1. Kindly indicate whether any position in segment 337-351 is within 16 Å of the ligand (Cβ to nearest atom) and either assigned by TED's automatic domain parsing to the domain that holds Ile237 or under 24 Å from Thr410 (Cα atoms) (or both).
2. Which one of Leu259, Leu285, Leu240, Leu254 is more than 16 Å from the ligand (Cβ to nearest atom), farther than 27 Å from Thr184 by Cα and not β-branched (Val, Ile, Thr)?
3. Please name all residue pairs, on different chains or six or more residues apart, with Cβ atoms under 9 Å, provided the first residue is in segment 255-283 and is without any contact (Cβ under 8 Å) to a residue 24 or more places away in the chain and the second residue is buried (at least 22 other Cβ atoms within 10 Å of the Cβ) and not in a strand (DSSP E or B).
4. In segment 36-78, what residues are part of a loop (DSSP other than H, G, I, E, B) and touching a Lys or Arg at 6+ places or on another chain (Cβ under 9 Å)?
5. Can you tell me which residues in segment 115-167 are part of a loop (DSSP other than H, G, I, E, B), among the charged types (D, E, K, R) and away from the ligand (no atom under 16 Å from the Cβ)?
6. Residue by residue through segment 313-346, note down the ones that are surrounded by fewer than 16 Cβ atoms within 10 Å (Cβ to Cβ) and over 19 Å from Leu31 (Cα atoms).
7. Within segment 242-284, which residues are at positive phi and in contact with a helix residue (DSSP H, G or I) (Cβ under 9 Å, 6 or more places away or on another chain)?
8. Would you point out which residue out of Pro55, Pro73 is within 26 Å of the chain's Cα centre (by Cα) and farther than 19 Å from Cys194 by Cβ?
Amino acid sequence: MQLKTLPYLQNSNNSEISQTGEKLYQLISELYPICRSITGNGFRKTLNIIQKHIPLETHEIPTGTQVFDWTVPKEWNINDAYIKNSQGEKIVDFANSNLHAINYSIPVDKKVSLAELKEHLFTIPEYPGWIPYRTSYYQEMWGFCLSHNQYLQLQDEEYEVYIDSSLEPGYLSYGEYFIPGKTTDEVLISCHACHPSLCNDNLSGISIAVFLAKHLSQFTPHYSYRFIFIPGTIGSITWLAINEKNVSAIKHGLVLTCLGDSGNFTYKKSRRGDAEIDNIVSYVLSNSNQQDKVIDFFPYGYDERQYCSPGFNLPVGCLMRSPHNSFPEYHTSADDLNFVQPQYLGESFTKCISIVSILENNQAYYNKNPKCEPQLGKRGLYEADTDSQNRRLNRMAILWVLNLSDGDYTLLDIAKKSGIAFDEIKQAADVLLRYDLLTSSTENELENF
Ligand code: ZN
């Protein structure tokens, strides 16, 4: 069986990156104004927009459904929220920023003193121009977030607080898109889609996942790919509870988030630490920029926490640029459409394609002539300077592939051991397959089947 080679974009040029980056950015811009939460119409609207790009299947899980130690919460929706001063002027208005209302705020409509109001206000004094992003999913309360500058202007007077929200039995929604591959072994790509107007933490992961899915859907990949767009934490817990019987098919996985800022890449390994996905992403990052970082798993962060809980221990890592909490804009109104840029999104997308390309092509082979070196000259291999696509052949790569193809070393292992780029190793393996000097274990298995 010859794997279909996905385009290997490690060396893609700047115009390709920026063209893709622009598309990624456009999707982010379209999703940005929506007030999302872990449940509700904002999340559904987000899934509907994603459906314009990929045929996402949507799921609705009723409030009260038991999912392991958790319960699917009530559904939250919001129409409007404001604070009016005694002159009737709106001094804080949800229409200007959906971060102004605490996500999951219960409804309120009353007059309050300044002292009482202050108990329900949240600001970031260190960044007085920014609005914080706050949630209260599991403790019913009402509140507003505002810039510290706005806060400092408050006078000792009576205020009208109004939040037109609802918190009622409903559903938790999520979206799933499955691309069948040649094998039933799966690659899980997961991103949270529950944050309101926040670009890097949330929308960057969504847009890259959408375009990665779009790209992969043009091929019949080796692996099957499952893309899920879920609310953070409760979404992955719900998804794992519903799909518990099928998760053993997941052989590799990535959580995508914070991929649109200017920071270097950070890869957080799966809990296993030595999964193939960990090795591949580490390899891709080590080959691009010395500043990129690979860090060990820790039980905080995004949905990898659930995938890597001990009862699942799935080989799922998390790809980011700047990690959450490491940039001051994190969970504030400054994580906006200026904070993410097409160029960085494009680079992140390219990185994902490189990772997937290696994953798709990373096989172990058998040298069909393992007793001493095969006579390459006799087969015309010394004369073959180029492969069928006219790319220059690396003869050392041929010798490395022949020597290490004993069924144990994958092409990535060979690339790492030899110091030769993965695509040259892959190219050498393709030539050796064509000259009948190499065979894949998968091929033998399929023939016997
Ligand atoms: Zn977040």
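1. Checked segment 337-351: at least one residue is within 16 Å of the ligand (Cβ to nearest atom) and either assigned by TED's automatic domain parsing to the domain that holds Ile237 or under 24 Å from Thr410 (Cα atoms) (or both).
2. Leu285
3. Note: pairs meeting the criteria are Ser282/Lys269.
4. Hits for segment 36-78 are Arg36, Thr39, His53, Ile54, Thr63, Gly64.
5. Glu119, Glu126, Glu140, Asp156, Glu157, Glu158
6. Selection gives Asn313, Asn325, Ser326, Pro328.
7. Cys258, the sole residue that qualifies.
8. Pro55
The values are calculated or read from the model by the stated rules, or taken from the named source; none is laboratory data. All figures in this text were calculated on a predicted structure; none of them were measured in a lab. Virtual Cβ from ideal backbone geometry, glycine too; neighbours counted across all protein chains shown.
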